[in-house]
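The values are calculated or read from the model by the stated rules, or taken from the named source; none is laboratory data. From a predicted model like this one, the values you see are computed outputs, not experimental measurements. Because the Cβ atoms are built from the backbone with ideal geometry, glycine has one as well, and the counts that use them run over all protein chains shown. Accessible surface is based on the protein model in full, side chains and every heavy atom, while ligands, DNA and RNA are left aside. Shrake-Rupley method; radii C 1.70, N 1.55, O 1.52, S 1.80 Å.
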Amino acid sequence: METNARNTIKDFITLPVLQGETHVSADRTVVLTTILGSCVAACMWDEDAGVGGINHFLIPGGDDSPSGGLSYGVNAMELLVNGLIRKGARRERLKVKLLGGAKMRDSKIDIGASNARFAKWFVQNEGFELVDCCLGGRQGRSLRFWPVGGRIQLRFMADARAVAAEEIAPRTLPASRQREEPSGDVQLF
């Protein structure tokens, strides 16, 4: 399929990425989607290799985290980087956009801020190019990521309860809903 400005979301295969998941693709017809509250997603790609991917993590993790937890940022970032390299990406060409990390509840603990700090630290520590980020705030986000090329469409969500329910609940979308026309999306990147 030739990529041009007239393509609509109906022209693409939409794949949801849930909390704790990582997905890598070199398919120009794939759009990866996720819903973020306090969770963070790292969108990474290598333009020259024509491959990209996204992760969705719940908490940063670290030395005191159980090993192998898919919802931990440390594991999610390593899975994403290694998945991209297996598909032909080169570390020195990886570009990154970070999203999410909202403060979804009024409490002393701000897991969203912890997630955002971790994600920025990881990208800087690994020497990846941080192209842009949309972190923090008090609203959830719904996003679409085209892994080949790094394009993102982002929509802020007003209802925190809906974000929490969407972010945690397993989703299996019927085929008819996987190719919906976008409504009210704002492209920020």
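Could you grab the pairs with beta carbons closer than 6 Å, sequence gap of 6+ or different chains, first residue in the stretch 107-135 and open to solvent by less than 90 Å² (accessible area, probe 1.4 Å), second one of a type in the set (S, T, N, Q)?
111/38; 112/38
Checking residue 120 against (1) modelled with pLDDT of 95 or more; (2) over 21 Å from residue 51 (Cα atoms); (3) not in a helix (DSSP H, G or I), only one condition comes out false. Which one?
Failing condition for residue 120: (3).
Could you please let me know if residue 88 is assigned to a loop (DSSP other than H, G, I, E, B) and at pLDDT below 95?
No, not satisfied.
Within the stretch 162-175, does at least one residue satisfy the condition of being modelled with pLDDT under 95, surrounded by 12 or more Cβ atoms within 10 Å (Cβ to Cβ), within 21 Å of residue 10 (Cα to Cα) and among the acidic types (Asp, Glu)?
no
Between residues in the stretch 68-81 that are open to solvent by 50 Å² or more (accessible area, probe 1.4 Å) and part of a helix (DSSP H, G or I) and residues that are at pLDDT 95 or above and not aromatic (Phe, Trp, Tyr), which pairs lie under 6 Å by C-beta distance while being six or more apart or on different chains?
As it stands, the answer is 79/22, since those pairs meet every condition given.
For residue 73, only one of the following conditions fails: (1) touching a strand residue (DSSP E or B) at 6+ places or on another chain (Cβ under 7 Å); (2) modelled with pLDDT of 95 or more. What is its number?
Only one criterion is unmet by residue 73, namely (2).
Conditions tested, residue by residue: (1) modelled with pLDDT under 95; (2) among the polar types (S, T, N, Q).
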site: 12; (1), (2): yes, no
site: 22; (1), (2): no, yes
site: 33; (1), (2): no, yes
site: 46; (1), (2): no, no
site: 58; (1), (2): yes, no
site: 68; (1), (2): yes, no
site: 82; (1), (2): no, yes
site: 93; (1), (2): no, no
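Among the residues of the stretch 138-148, is there at least one that is assigned to a helix (DSSP H, G or I), charged (D, E, K, R) and surrounded by 15 or more Cβ atoms within 10 Å (Cβ to Cβ)?
Within the stretch 138-148, not a single residue is assigned to a helix (DSSP H, G or I), charged (D, E, K, R) and surrounded by 15 or more Cβ atoms within 10 Å (Cβ to Cβ).
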